[in-house]
Structure formats: structure tokens, C-alpha cells
Amino acid sequence: MKDYTILLIEDEKNIADFIEKILRSNDYKVVTASTGGEGLSLIKSRCPDIILLDLGLPDMDGLDVISSVRSWSLCPIIVLSARTTDNDKVSSLDLGADDYITKPFSTNELLARIRTSLRHSNRVVTNDSISEKPYAALGLKIDFMKIITRDGEPIHLTPVEYKIVAYIAKNSGKVITYSSILKNVWGPNMDENDNKILRVNMANIRRKIEPNPAEPTYILTELGVGYRMLEDSSL
Ligand code: CA
């Protein structure tokens, strides 16, 4: 198995020490930085496999770190957000962060987010046709030839509903923002103000695919941010 190097950019020493310990005990190599500037230079010198980024840094805004990294690197970025405003989460994702995790978080949550991001980044590097491999989790199957079944029974979605489900299923395990779904399904002129059309379609999708639409299992709501599809268990 490959040794993954994780760069942790976090200025609060007790939090940084805690995360570093968790990561090391799970066989990740860890490089730490306590400022944005130090983090940026370590990304260039150490080429980490993944970046964990605190948004509130002493020398620069974490959002500026994201835009800077994205101008020359596709390295996955998971934002460690203490800020509770959804705006920062959405801005992070729109600037190119792969995911976020809200403090305080559990060890399992952190490790799961890291695994998901690594899996997505490896997939991009190794084989992009792999996204045509069917999605499967908890009895739900989506093959990307427009056939969706639950426990073997076909589910009939409209073309738009199918486009929404296929898009988030291909990114399963990751949060996908409302605006990203709107732009992907309806076109580049859509933005968060057009959320209503997405909400209506999502209600219909849930009615069709969820055993209990009021408590979704497959497509989870990330309040104020977007949706996260249950991670594909066949990967
Ligand atoms: Ca901080």
C-alpha cells in the first residue's frame, strides 16, 4: 500500500497535535504548517497527497490558500471549518476545496473524509472511464446507462431527475453544492437563487428512491450547502 502524505495547515497547536496523532496512528505521513505561507511552500516542496486546511490562519485567509493552490495543483483539499456560517463552506467548495469537515469532528469522520478524497483523486489520476462503473450502495444500483434499481426493482426517473442523481452518484461520499448541481444539470447561468427547481426535483427523487423520504438514506442534505450521496460501497 502506498504511503500517503498529509499536509495539515492549522495554527492552533493543540488541535494540530491531536489531528497529527490520529493520522500517524493510522499510518499516514504528516507534515504540519501553522501559517498559510508555510503551508503553501510545503505543498510545493513536499507534494502532499491531501491537504487539511484550517480557514482561520494568522497570516492569510484560508480561502486565499485554496485559490492559490488551485491555480497550480489538483491536490485534494479538505477544509477544517470552525466557522459555522454556510457561506464559508460554500465559498471553500466553489473555490475548489473537495470537502469540508466541521469542528468538532470525530476521528472516524475525519478518516472517512480523507479516504473518500483520496479515492476520488486516485480515480482521476488512474482511469477516468471508471466513473462509468455502476454505483452501488445498500441495495441501490445506478448504472450510468440510465437504469436505476432498488433491491432489483427498476425506478423510473425523469431525464432531469436522472441527471441530478447521476451527477451526485459519480461524486458519492463528497458534498456537492447546490450551485454546482444547478450548473451541471441546467446550465452555467444557474445559481443558488434557482434553488427552488432543485428542491422540487430532489423531493420527487427522494419519493422515488428513498424507502423513507422524510429520513433519506441515499441522498443526504448538507443544510445550506448542498447534497451528499451515500458513498458507493462497491469501490
Ligand atoms: Ca485557526
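The values are calculated or read from the model by the stated rules, or taken from the named source; none is laboratory data. These numbers come from a predicted model, not from an experiment. Reconstructed Cβ throughout: ideal geometry from the backbone, glycine too, with neighbour counts over all protein chains shown. Note: areas computed on protein heavy atoms with side chains; ligands, DNA, RNA excluded. Shrake-Rupley method; radii C 1.70, N 1.55, O 1.52, S 1.80 Å.
Here are some notes:
- All strands (runs of 3 or more DSSP E) inside the range 149-230 with 1 or more residues being open to solvent by 30 Å² or more (accessible area, probe 1.4 Å): 153-155, 219-222
- The residues of the range 56-96 that are away from the ligand (no atom under 16 Å from the Cβ) and open to solvent by less than 10 Å² (accessible area, probe 1.4 Å), listed by number, are 69, 76.
- Of all the criteria given as (1) part of a helix (DSSP H, G or I); (2) within 15 Å of the ligand (Cβ to nearest atom); (3) touching a residue at least 60 places away in the same chain (Cβ under 8 Å); (4) closer than 17 Å to residue 180 by Cβ, the one not satisfied by residue 100 is (1).
- For the range 18-27, the criterion of being within 15 Å of residue 107 (Cβ to Cβ) and of a type in the set (Gly, Ala, Ser) is met by at least one residue.
- Within the range 139-157, if we keep just the residues that are more than 20 Å from the chain's Cα centre (by Cα) and touching a residue at least 24 places away in the same chain (Cβ under 8 Å), the residue that is nearest to residue 220 (Cα to Cα) turns out to be 140.
- Check on residue 73, free of Cβ contacts under 8 Å to residues at least 40 places away in the same chain, small (Gly, Ala, Ser) and part of a loop (DSSP other than H, G, I, E, B): yes
- For the range 1-25, filtered to residues that are part of a loop (DSSP other than H, G, I, E, B) and within 16 Å of the ligand (Cβ to nearest atom), the residue that is surrounded by the most Cβ atoms within 10 Å (Cβ to Cβ) is 10.
- Residue list for the range 26-55, filter: more than 14 Å from the ligand (Cβ to nearest atom), assigned to a loop (DSSP other than H, G, I, E, B) and open to solvent by less than 60 Å² (accessible area, probe 1.4 Å): 28, 48, 49
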